[in-house]
Amino acid sequence: MYLYSRQVYNSKGVFKKMKRHIVEIGTKLVLSVIVLSMALCITAIPALADPSPVVSVSPASQTVDPGDTFSIDIIVDPDGEGLSGGQLDFAFNASVMQVDSVTAGDLLGTSPIAVGPFIDNVNGTVNYALGRQGLTTPPTPNGTFATITMTMNGDRCPTGNV
């Protein structure tokens, strides 16, 4: 160890070679960090400007009477993105209506993989996850994620808009 240190620090030729080698490594490292930073910026800037998928309920409103059964569709506009799956967390007023069923729509293909639906008519929640089988080819066209069928409670709700 001492000989190595003595060679390095006492011999100008070895010291200069090591110093040049360290400078070359430092230059390569700095250049690599700059290139990596530029690559991250190039990929991050479009992500900041990317539009997001839009979710809506159709119809936006409807008039129902106590005891009526009705359906709503959860519509997704992927806005140019390719969607492979999604999760619906839906809350409703369980004192005036109940969820009878939840079925997959056409957004993720003809036979998506489903987890749920988990319907809680006491607390007024529905949880439902769907995943596309096979490849996702962007952009995914607009479509129905799920259809929720509900019934107005006859004894607790006056006729009105939902």
Looking at the range 83-94, I want the residues that are among the hydroxyl-bearing types (Ser, Thr, Tyr) and have a partner that is modelled with pLDDT under 90 with Cβ atoms under 6 Å, at least 6 apart or on another chain. Which pairs are those?
Ser84/Thr136
Among the residues of the range 81-120 satisfying the criterion of being outside any strand (DSSP E or B) and within 21 Å of Val64 (Cα to Cα), which is nearest to the chain's Cα centre (by Cα)?
Phe92
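The values are calculated or read from the model by the stated rules, or taken from the named source; none is laboratory data. Computed from a prediction, not measured in an experiment: that's the story for all the values here. Virtual Cβ from ideal backbone geometry, glycine too; neighbours counted across all protein chains shown.
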